[in-house]
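Below is one structure, written out as structure tokens; the observations come after it.
The values are calculated or read from the model by the stated rules, or taken from the named source; none is laboratory data. The shown structure was predicted, so the numbers you read here are calculated from the model rather than taken from an experiment. Ligands, DNA and RNA are excluded from the accessible area calculation, which covers all protein heavy atoms including side chains. Shrake-Rupley method; radii C 1.70, N 1.55, O 1.52, S 1.80 Å.
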Amino acid sequence: MGVKLIKVSALYFVLGVSLGYYMSVAHAYHLTGVHAHVNLLGWTSMTLAGLIYILFPKAGSSMLGKIHFWLHNIGLPLMMVGLFLLLQGNSALEVLIPIGATCVLVAVILFAVNVLLNVKKEEVEARFQK
Ligand code: HEM
Ligand code: HEM
């Protein structure tokens with residue numbers, strides 16, 4: 001899942017920075033919440049998780065890693081679309097925010113369990129002794 005997370009995160013990076021650029025040009029500062037979370041949950045968090053999964057392949061290829069990937073990548077777009085519309089004054093799809101946020105929260109908890117179970121210091125030691 002490491003490479004997949006990094007590839008998806010690069011797309012979020014482009015989206016997050018484009019939105020920041022648009023906000024600056026159009027003075028659309030009400031969208032800060034979407035910009036911040038697209039960048040931080042989309043780009044930085046996913047890249048970090050991706051790098052960890054590449055460094056620790058047991059975690060990256062585990063079922064926990066797969067579920068983490070999918071819940072994060074289903075939840076974040078739902079949360080961001082709902083928040084974007086809400087901040088634009090349209091509350092019709094507000095329910096997407098708690099649904100998406102709950103998916104992301106569960107994804108992050110599974111990521112943490114995965115790290116605790118499958119990231120081992122022996123793997124680091126073996127790598128640096130080569
Ligand atoms: C060309 C790139 C970027 C532009 C033009 C840009 C623009 C902006 C703008 C206009 C705001 C709103 C400021 C305000 O409401 O006072 C903002 C806030 C923010 N940006 Fe960016 N941004 C860029 C890249 C990034 C990146 C790469 C990250 C994170 C990895 C990031 C994280 C944030 C955060 C966390 C906030 C909220 C800060 C707060 O709550 O005060 N931005 N950005
Ligand atoms: C499911 C996960 C998350 C939820 C539901 C969530 C929710 C929120 C909420 C409700 C706010 C306050 C917005 C406001 O005052 O208008 C906020 C702000 C913020 N959060 Fe999160 N957050 C999440 C994850 C994260 C993560 C992982 C990071 C960093 C890696 C982060 C960074 C920030 C920052 C920098 C702000 C201030 C930016 C702003 O003014 O919008 N959040 N978040």
Exercise for the section: Could you please put Tyr22, Tyr12, Tyr53 in sequence from largest to smallest accessible area, using a 1.4 Å probe? Expected result: Tyr22, Tyr12, Tyr53
Fill in the blank from the handout: Checked segment 8-91 with the C-alpha gyration tensor, a ≥ b ≥ c its square-rooted eigenvalues, rounded below a/c of 1.5, otherwise prolate if a/b is larger than b/c and oblate if not; verdict oblate
Handout entry: DSSP H segments from the chain that extend 20 Å or more along their own axis, Cα-based, with Kyte-Doolittle mean of -1.0 or above
Key = 2-26, 63-87, 96-118
Problem - the chain, helix-only ellipticity at 222 nm - DSSP H runs n ≥ 4, -39,500 (n - 2.57), divided by all residues, nearest 500 - result: -26000 deg cm²/dmol
Practice task
Roll a 1.4 angstrom probe over the protein heavy atoms and tell me the percent of accessible area of segment 2-129 that is carbon or sulfur.
Solution key: 77 percent
Problem - Per residue accessible area of segment 2-129, 1.4 Å probe, in Å² - result: 57 Å²
